[in-house]
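Here the structure comes first, spelled out in structure tokens, and everything after it is commentary.
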Amino acid sequence: MDKQKFRPSVLLVDDEPINIKVMRNALKDDYTTLVATDGERALSIVRSNNPPDLILLDIMMPGVDGYEVCERIKQDKQYANIPVIFVTAKSAEEEEIKGLELGAVDYLAKPICFPILKAKVKTHIELKRHRDFVELLLDKQYQEMESRNSLHEQDRMEQQASIQRYIEEIQENQQRLKLSLWGSGDEFWNWNLESGEFSRENPLPLQMPISAIRHDIEDVKSYVHPEDFAEIKQRFNDHLANKTDHFEASYRVKDSNDQWHWLLERGKVVEHDPAGKPRRLSGTLKNISHLKHTEQELLLAAKSFENISDAVWVCDENLIVVKINDAFTDITGYSAPEVVGRPLERPVSKSNDIALSPYVLEKAAIDSSWQGEVWGIRKNGSHFPQELQVSVLKDHQGSVTHYIGAFSDITYRKNSEEKLRYMANYDSLTGLPNRTLFMDRIKHGLEVARRNGHLMAILFLDLDKFKVVNDSLGHASGDILLKEVSSRLSDCIRDCDTAARLGGDEFTLLLEKINNADEISQVTNRILEALAEPINLVGHSFRVSASIGVAIYPDHGNDFKDLLRFADIAMYQAKSNGRNNAQIYTAEMNKNTLFRTELERGLRDMVENDELLLHYQPKVCLSSGVIQGMEVLVRWQHPKHGLISPDIFIPLAEESGHIVRIGEAIIRKACIEAKPWWSRGLVCGRLAINLSAIQFIDENLPERIDAIIEESGFPIDSLEFEITESTVMGDHVQAIEHMKKLQDRGIHLSIDDFGTGYSSLSYLKGFPVNTLKIDRSFVKDIQASHRDKGIVASIISLAHHLNLKVIAEVVENIEQQQLLTDLNCQEMQGFLFSKPLPGRELEALLLTHARKRA
């Protein structure tokens, strides 16, 4: 089927245009995208003549929010089957459960992961297609059954009886015509060929322009159907030429009401002149319209019998097959000679007592039909499920004369139903139970725990910094990692326990029949140890860790929703405690959750409220002491909680999908604030700004930078972006493409925290970067650690051989400065020269530095 003609449509509902643009770019190659920026517009599109096949729905919107939109859609039976995927920055389990209870099929967390977005959209559209297809099949089956079993059953039986009567009537007419004398019929006519006189007796009740004088056969042409006249003339002339014993033709004539009627005309020369030339003809004329109609109905019935897609068999009262159609042969492999005249059970069922048991036959005889699913057997011996309907024909005394069966092969439907059941309960990537099945397991586990007095534990597990790995190494590597984690989790629990994947890198575990908290600790320790084992990805060995939250029944609650929420809260506490640990829920954790929730809520408005505070740390040439540029460091001036470190709010911004918008605001604010310093010549180097992995892979980043430069007037060739190793080491081909787009604009690029990631020299030499930045962990102990000093020396040597500038960060004393100078490091930044300063203080420092250099 032409993909361009039949593209599924996806409705994108979000009040932020950038989110719509990102999703639209991800889906535009495979789907027709519809856009709504508010709930009312979304409802209007859904209720239009062309509703979407799937809806990606943001929760938090002004006016009608995502929950209300979903609820109103699901209340309308006409559109309730449209799958809804919530796209949200929220991660609280209660919010997700609320959405699922409203009828949503899935959640998609911001920032949006394109492959996951595409996979989920594809999966749920395919699920909808399968569901619609199954429903279509069922409707077809039901309609056909209804046509046989409901009001149409009476018509069908009457039609069959009518067909039988018609057949008998045709046979009787044929016999009567053979035995009757010439001239019998509805109308008698006589034609004197010499005088042209044409007489009629008992004429047909049709108002036709039949003249009393006929000179030639052409005289009837005006009222005979044009398609029929040539054949009439040919047969008439053949008889006059003594080529045939009599003249006979069927043709159509039009009456005074312009209605066509079928007539059968038969004639014979009954008198010749002395020379042997025909002088007079006599014959009959009969209206056979009803016979033609019956003939058409019989042909139609026969054609329908042969061409129907369902297999049909007809048996006598002893279940001996008298007829089958082609579909029977196509489905079972049995041809008519192999079946007709033989008992039915062999080609129809596994055993006679399954498909055609006395109960089935008795039920069909009483109710005139029976319908159900049975097993059929093919000629090759294989069995298949079939949807069978048995109807009966009875004589005038009510005795069964024939059984008629119609069945279809429902193997595909059964397989589809089984596949749908699996897809509805299991994660397609890992094979673990999904959210739906896990919820059922929790509810059942709670019932068992209450009944037996056991403890039960719910573990909420989130992989630490999985997003960085996924974004940097690519989603294929991320999928491999998730599969390996799933396998290790399954190995860490008992057969009676359940491990499930909720989505992304979130896993849950249900531990049943627990006697004490020590058993739970043993499981969490096994999990952390198992995950710590190296995993091979893209030719490199990686170690992953996880943060685990634990909630226990009945200590922390009796309701599964509360237990899930408490386990989620405990998981975030584990992250706050440094990750790679497990925490059991306490009431005190609620305070930390409220703080996190408050920060997430504040991220939406921090840019508009001008709460971003920029500090600047100078970069200094080690040999001359001249300021060569500065790095931008961001703080959040929260109206309630004061100054918040980027280490706290930047990860939240990445998880909630706000990082692109916030990152763009940071670049704009930095360019505007720094423009005067460059214009006045206080700084001759570059303004360095950190890019997150999500910002870097944003396809619209170059265009955003162009707009900022045009707005601020900052010289673009004085702009530098710092990118971590992990950001560029995933899809390195795509990374190079992104980097070249930035360099083509004159922007310099720096690899930040170099030495801590997993760079490959073969990749590094191909990256269009300008600077390597030595990570603080090596500079900090350079005086005391020969190993760190050797690493720093190697990085500097590598940079020089690659014609790259090298800079060391966190230089705090003269000894570190001297060692770096001796190792030919070019630049440094750190408290030795200046701590990060707000704009006014930095400007004062720049002025002082300029006067000293003058």
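The values are calculated or read from the model by the stated rules, or taken from the named source; none is laboratory data. Keep in mind that what you see is a predicted model, and the values were worked out from it rather than measured. Cβ sites come from the backbone with ideal geometry, for glycine too, and all protein chains shown count toward neighbours. For the accessible areas, the whole protein counts, side chains as well, though only heavy atoms, and no ligand, DNA or RNA atoms are used. Shrake-Rupley method; radii C 1.70, N 1.55, O 1.52, S 1.80 Å.
The simple spin-label model puts a point 7 Å past each Cα toward its Cβ; for residue 309 and residue 420 those points are separated by 1.6 nm. Each Lys and Arg contributes +1 and each Asp and Glu -1, all at the Cβ; summed about the Cα centre of segment 185-259, the dipole is approximately 100 debye. Straight-line reach from residue 98: taking Cα to Cα under 12 Å and skipping same-chain neighbours fewer than 8 places apart, the aspartates and glutamates in range are 68, 71, 106.
FRET efficiency for residue 363 and residue 135, Cβ-Cβ distance as r, R0 = 25 Å, nearest 0.05? Write out the running numbers ahead of the final one.
Numbers: r = 27 Å, r/R0 = 1.09.
Efficiency computed from Cβ-Cβ geometry: 0.35.
Extension gain for the segment residue 190 to residue 491, taken as residue separation times 0.36 nm less the Cα-Cα distance, is 98.2 nm to one decimal. Comparing Cα centroids, segment 8-73 and segment 491-561 end up 36 angstrom apart. Farthest towards the positive end of the charge dipole of segment 411-513, among the residues 433, 476, 466, is the Cα of 433, using unit charges on the Cβ of Lys, Arg, Asp and Glu. Per-residue SASA remark: residue 270, around 70 Å² accessible (1.4 Å probe; ligands, DNA and RNA not included).
For the residue pairs 118/465; 118/805; 467/591; 467/513; 120/483; 77/414, the alpha carbons lie more than 29 Å apart in 118/805; 467/513.
Taking the Cα centre of the chain as origin, work out the dipole magnitude from +1 charges on Lys and Arg Cβ and -1 charges on Asp and Glu Cβ, in debye rounded to 20. Each step should come with its number before you reach the end.
On the way: 101 positive and 130 negative charges, 344 e Å.
The calculation lands at about 1660 debye.
Using a 7 Å offset from Cα along Cα-Cβ at residue 609, what residues in segment 660-678 end up with backbone N under 16 Å from the label point? Under cut-off, by backbone N: 662. Taking a point 7 angstrom from the Cα of residue 429 along the C-beta vector, which residues in segment 445-467 have backbone N less than 19 Å away? Taking a point 7 Å out along Cα→Cβ of residue 429, the residues of segment 445-467 whose backbone N falls under 19 Å are 460-467.
Averaging the sequence gap over all C-alpha pairs within less than 8 Å and six or more residues apart, then dividing by the number of residues, gives the chain a relative contact order of 6 percent. Centre-to-centre, using Cα atoms only, segment 394-463 and segment 358-383 are separated by 25 Å.
I need the calculated FRET efficiency for the pair residue 586 and residue 450, taking r as the beta carbon distance and R₀ as 25 Å, to the nearest 0.05.
Values: r = 23 Å, r/R0 = 0.94.
Result of the calculation: an efficiency of 0.60.
For segment 670-730, the list of GluC sites (Glu not before Pro) that fall in a loop by DSSP and count at most 15 other C-beta atoms within 10 angstrom reads 699. The heavy atoms of residue 123 offer some 40 square angstrom of accessible surface to a 1.4 angstrom probe. With all protein chains kept in place, the per residue accessible area of the chain amounts to 49 square angstrom at a probe of 1.4 angstrom.
Expressed in nm to one decimal, what extension gain is obtained for the pair residue 476 and residue 412 from 0.36 nm per residue of sequence separation less their Cα-Cα distance?
Working: separation 64, 0.36 × 64 = 23.04 nm, distance 3.12 nm.
Net length gain for the segment: 19.9 nm.
Think of the chain as having a plus end and a minus end, set by charges on the Cβ of Lys, Arg, Asp and Glu; of 566, 19, 259, 19 sits farthest toward the positive end of this dipole. Per-atom-type breakdown for the chain gives carbon and sulfur 50% of the accessible area (1.4 Å probe, protein chains only). Projecting the Cα positions of 198, 535, 502 onto the charge dipole of the chain (unit charges on Cβ atoms of Lys, Arg, Asp and Glu, taken about the Cα centre) puts 535 furthest along the positive direction. Among the trypsin sites (Lys or Arg not before Pro) in segment 469-529, those placed in a DSSP loop whose Cβ has at most 15 other Cβ atoms within 10 Å are 494. If you look at the Cα atoms of the chain, you get an Rg and a Dmax of 43.2, 149 Å.
For the chain, DSSP calls about 70 percent of its internal beta bridges antiparallel. For segment 532-592, the dipole from Cβ point charges (+1 on Lys and Arg, -1 on Asp and Glu) about the Cα centre works out to 240 debye, to the nearest 20. Oblate is the label for segment 488-644, because the ratio a/c of its alpha-carbon gyration tensor axes (a ≥ b ≥ c) is 1.5 or higher and a/b is not greater than b/c.
For residue 561 and residue 637 in one chain, what is 0.36 nm times their gap in residues minus the Cα-Cα distance, to one decimal in nm?
23.8 nm
3J(HN,Hα) along segment 665-678, derived from phi through the Karplus expression 6.51 cos²θ - 1.76 cosθ + 1.60 where θ = phi - 60°, amounts to 5, 5, 4, 4, 5, 5, 5, 5, 5, 7, 3, x, 5, 6 Hz, with x in place of Gly and Pro. Summarising the label geometry, the points placed 7 Å from Cα in the beta-carbon direction at residue 240 and residue 228 lie 2.0 nm from one another.
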